[in-house]
Structures are given as C-alpha cells and as structure tokens.
1. In the chain, which cysteines lack any other cysteine Cβ under 4.7 Å from their own?
2. Can you return the lysines within cross-link range of residue 121? Criterion is Cα-Cα under 25 Å, with same-chain partners fewer than 8 residues away left out.
3. Out of residues 5 or more away from residue 169 or on other chains, whose amide H comes under 5 Å of its own, with H placed 1.01 Å from N in the peptide plane?
4. Straight-line reach from residue 276: which lysines fall under 22 Å, measuring Cα to Cα and dropping same-chain residues less than 8 apart?
5. Could you tell me which GluC sites (Glu not before Pro) in region 1-73 are loop residues by DSSP with no more than 15 other beta carbons within 10 angstrom of their beta carbon?
6. Which value in Å is the Kirkwood Rh of region 161-304 over different Cα pairs?
7. Expressed as a whole number of Å, what is the distance separating the alpha-carbon centroids of region 243-266 and region 116-159?
8. For region 284-326 and region 1-36, what is the separation of their C-alpha centers, rounded to whole Å?
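None of the figures in this text is laboratory data; all of them are computed from the coordinates on show. Every value quoted in this text rests on a predicted model; they were computed, and no experiment measured them. Reconstructed Cβ throughout: ideal geometry from the backbone, glycine too, with neighbour counts over all protein chains shown.
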Amino acid sequence: MERFDPELVFFEPEALQYPLGEKLHAHFTELGTPIRMTTSHNRVTGIPGETETEQYRNAKRTLVVGIRKTLTFDTSKPSAEYAIPLTTGCAGHCHYCYLQTTMSNKPYVRIYVNLAEILEKAEAYIDERKPEITRFEAACTGDPVSLEHLTGALGEYIAFMAKQEYGRLRFVTKFANVDSLLDVDHGGRTRIRFSINSDYVIRYFEPGTSSFEERIEAAGRVAEAGYPLGFIIAPIVKYDGWQEGYWHLLEKLHERLHGVEVQDLTFELIQHRFTKTAKNTILKRYPKTKLNMDEEERQLKWGRYGKFKYVYKAETVEEFQQLFEQAIHEYFPRAEIAYFV
Ligand code: SF4
C-alpha cells in the first residue's frame, strides 16, 4: 500500500489553534515537507505543474489542513441519516472515481482539525432524534482511512460513537491502513465496509490504493476485532475473465474469514456506470485506461442527479446478478445482499 505522505501542505491559520493542527504542523516541519499558509482552502494557489494533468497529479499529493466551518451536516440517504465531516478528497487514482466530476477543480486532500466541535454537533443530531438511531457516514467525500496515520481522527470518531446509545458510524474504504483502529473500543457501533473488487479491476483501475491481498487481509483483521463488517463490490466491471475474477474474490474472502465470527455481514453490489462528462474527464486524466466505456455495450438510465448515465445492458446485469448471488450464497450463506444497482 502506498501511504499518503503529502509533498506540499497548506494550513489555514485557525487550524493551528487546535491540538491536531498543531501536531500536524510539528510533524510536517520535522519531516521537512514544504508548508504554506492559506487564508482559506478556496484560495489555495501555486500547486506546481506545467499542464493541467500534472497539476491534477500534484494536487492529489497536496494536503490542506483546515477547520470545518459549516457544522450543518449533509444528509446521506438511504444508508445513513447524515454525512459526518472528516476529510474531503483522496490521494487515490481510481479511474472511475466520483470525485473526478464532483471535485474536479479542487482535487487536493483536505482534513479538518476541529474534531471536538464536529462531534458535539453529531451529539446534538443524535439527541434530536432519540430514541431513533442516527447513522453517520464518514466517507461521503473521500476515504478517511487513507489519512488515519496522520490524524487518528477516525479512531476518535469510533470511540465517541461507542458511547452513543443512539448513534452509529459507518464508512467505506479502499485502504488497508486499519491497524490503529483495531484496539479502539468500538462497542459494535461502527460498521467498517471495504470497497473490494477483483484483482484485475484493482490492479488496472485503482492505482494508489491498497492491493487485493492487502484489503482482504485488512478485512480479516477488522472482523477479528469484532467490528460489524461489510463489503461493497463496486464498480462491477465486465472484462475478459470477469466471471473467474469475481468468483476468485469471493473465494478469497471466504478463505480469510473462515473461522472468524462475523456478525451480520452485508454485501452491496454496484455495477459500473458513467456519464458523458465523466467519460471525457477519465479519458483526459487517464488516457491509457483499459476501462471499457463503449456506449454501444451499455444502455441509458436516467440518474438521480438529472443526468443520463450509461449502465450495462439488462442481459449483462442478469449475468452479474446470477454470479454474485450464487457465489455469495455458496461462500457466505448467512450474509445479506443489501442491494444490487
Ligand atoms: S479510493 Fe475512493 S475516493 Fe479515493 S480515488 Fe479511489 S474511489 Fe476515489
């Protein structure tokens, strides 16, 4: 796994008034990482690079340490009530990543250091809804596990949620950087989901993230630590040998989790889809991608964000569904397939 160690760091001045901001400043000073100040993440300038593509790559190696000013959380339906802020952006280079279109002009990685204020607000949301359970998703705008070695923030959120009778935390990751979370007292109130795929998809379309083996091993460790566990198999991609690739994935997960008591395991299955805009961006950023986005092999579907997207044709979707239902039933008969979209 490639650990995220930024090559350039910006600090918003207020961030230095918080213990985590101070700690990060000392850390990067000691490492000799170039540090600059910025009045706001919106004013970050001077990321090196001759071309837009070079600037994009360098921005993904740039960290902005700031505070989260808006403490009104976005909703995150249907899997959670709220998106809890923690990080925005990601150093990974998944070709199909949703951030390509949602954050295309600000690809740098941001972390927030006013954790106590964010958690105070989360508690207020929980109080408002109790005795209903309030679920918070921590990975709506990036992959927080990829930064955990720098911040320890996820560990704090997990420990906080363990004390909340009516609160639950969940997040999804493509990173195996989970060791510091294993000893946190989670109280069974945080579900860790791994975004996982066939070895081929991870190898060719997910550079800068943890490998197939690393993710499976990390999932095993998380399950052994008693966390509720889930897998998001996404995006499901059709390529030569996809049947063997995905069957092998389920077989390997089974091998690693064999003999581990896993409570209420869930699978979420999402086929690959793209919009015209996303396709153009992907081809610009990753011109050599092997990701097949031939419209002829897809059908159009009206998307929830008011745009048409290309999904696989019905017969392919049926083949996907059959294979996953069969493999999950064979290897994890008690697991739930939460959805296939
Ligand atoms: S790990 Fe997730 S957030 Fe990061 S680039 Fe890949 S898909 Fe995007």
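1. Singleton cysteines: 90, 140.
2. Filter leaves 23, 69, 77, 130, 163.
3. 136, 190, 191
4. Correct list for residue 276: 106, 238, 284, 288, 290, 301, 307, 309, 313.
5. Sites meeting the loop and neighbour criteria: 2, 7, 50.
6. Computed over Cα pairs of region 161-304, the Kirkwood hydrodynamic radius comes out at 16.9 Å.
7. 28 Å
8. Answer, in whole Å: 40.
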